[in-house]
Amino acid sequence: MADKPTVLVTRKLPDAVEERLSRLFEARLNADDRQMGPDDILAAAQGADGLLICLTERLDGDLIAKLPASVRIVSTYSVGFNHIDLAAARGRGIVVTHTPEAVTDATADATMLLILAAARRAHEFQLMLREGRWRRWSAVGTLGTDIGGKRLGIVGLGRIGRAVARRARAFGMEIHYHSRTPLPEPMAEGAIHHPTLANLFAACPVVSLHCPSTPETRGMIDATSLGWLPPGAILVNTARGDLVVDDDLIAALADGRLAAAGLDVFDGEPEFDKRYLDLPNAYLLPHIGTSTIETRERMGFDATNNLESFFAGREPPFRVV
Ligand code: DGY
């Protein structure tokens, strides 16, 4: 149908999502999932009404300025939108939407996986087994630590932070959090607010990051903030890699000030600081927080719904700007 809006989809998405996109729009799909650079995006966006992008496509101010005037909406298949220059989009009158609800449970599950893996030294035990160093059951030696009865410090008690809190409570953890303003009690569900990051870190032997990457939060985990944690603490990051200063985290893990880290995200990914690979107390995953079929489909449907509402003249459900 000639009057369907044209949408450029920059990555291969689950089949059910692509089917729906193709039903609703003239969808320009990326069947072989090739990585599109700025020039590819500009060429493919000619005449498009909207873009559906992933966090792997950086829409900086320069690229947004060069987008054809026909593009009126960018729907990102992610909760995070730090890969999009929002001010530039706003300046051009381009609507930006994201998928905050779809990612919550899978990301919270992955966070628990990392908390447990870090606390129970999963990587070291995997190596012991795979390298043939498992001799016999032992009451002493390499031991992990319980998470039950410990305090979990959550940085950013948004949707994902609260979903992590609910899971962690079931494991017997006490929930503390830092955010600029305390949440109203029905939302905080008893979590204890700390007005500063320093307060939170000093009180919590396990800390998990759930804040967006912004100019204020980038590099927030550095030698100073790591120094606020009790000795032998655990840090988990399923948010964004650039919240962490790799040099400082690696130093703290190497000298044992930090017992362990669980990391799903890295600064500059898919590149990352390869020194992490030499650290037995770093449990590493390649940004798979949302990688379940159910979640990836939900993200796709939410990203599609945002486009559908916009083109129908309605407010998109998850609008950023
Ligand atoms: C998001 O939605 O921002 C996640 O990082 C994608 O996995």
Q. Quick one: Cα centre-to-centre distance for the range 63-82 and the range 192-207, in angstrom?
A. 36 Å
Q. Over all Cα pairs of the range 227-321, how is the pair count split among 5 Å bins, expressed in % and running from 0 up to the last occupied bin?
A. 3, 12, 18, 16, 12, 10, 9, 9, 6, 4, 2, 0
Q: Select from the range 252-321 those trypsin sites (Lys or Arg not before Pro) which occupy a DSSP coil region and have at most 11 other Cβ atoms within 10 Å, ordered by residue number.
A: ARG314
Q.
Per DSSP helix of 4 or more residues, -39500 (n - 2.57); summed, then divided by the residues of the chain. What does that give at 222 nm, rounded to the nearest 500?
A. -10000 deg cm²/dmol
Q: Please return the longest stretch of the chain lacking exposed loop sites, where chymotrypsin sites (Phe, Trp or Tyr not before Pro) count only if DSSP places them in a loop and at most 14 other Cβ atoms lie within 10 Å.
A: 138-321
Q: Put one equal scatterer on each alpha carbon of the chain, apply the Debye formula with no solvent term, and list log10 I(q)/I(0) at q = 0.08, 0.12, 0.13, 0.14 1/Å to two decimals.
A: -0.41, -0.86, -0.97, -1.08
Q) Just in the range 163-226: which GluC sites (Glu not before Pro) are loop by DSSP and have at most 13 other Cβ atoms within 10 Å? A) GLU189, GLU216
Q: For the range 47-94, evaluate the Debye formula with one uniform point scatterer on each Cα (no solvent term) and list log10 I(q)/I(0) at q = 0.18, 0.30, 0.31 Å⁻¹, rounded to two decimals.
A: -0.47, -1.31, -1.37
Q. Near GLY141, within a Cβ-to-Cβ distance under 12 Å, what is the net charge of the other residues, with Lys and Arg +1 and Asp and Glu -1?
A. +3
Q: Find, among the trypsin sites (Lys or Arg not before Pro) in the range 117-181, those assigned to loop by DSSP (not H, G, I, E, B) with at most 10 other beta-carbon atoms within 10 angstrom.
A: ARG133, ARG135, ARG136, ARG180
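Just so you know, all these numbers are worked out from the coordinates, no wet-lab data involved. Not measured: the values here are computed from a predicted model. Here Cβ is always computed from backbone atoms with ideal geometry, including for glycine, and neighbour counts include all displayed protein chains.
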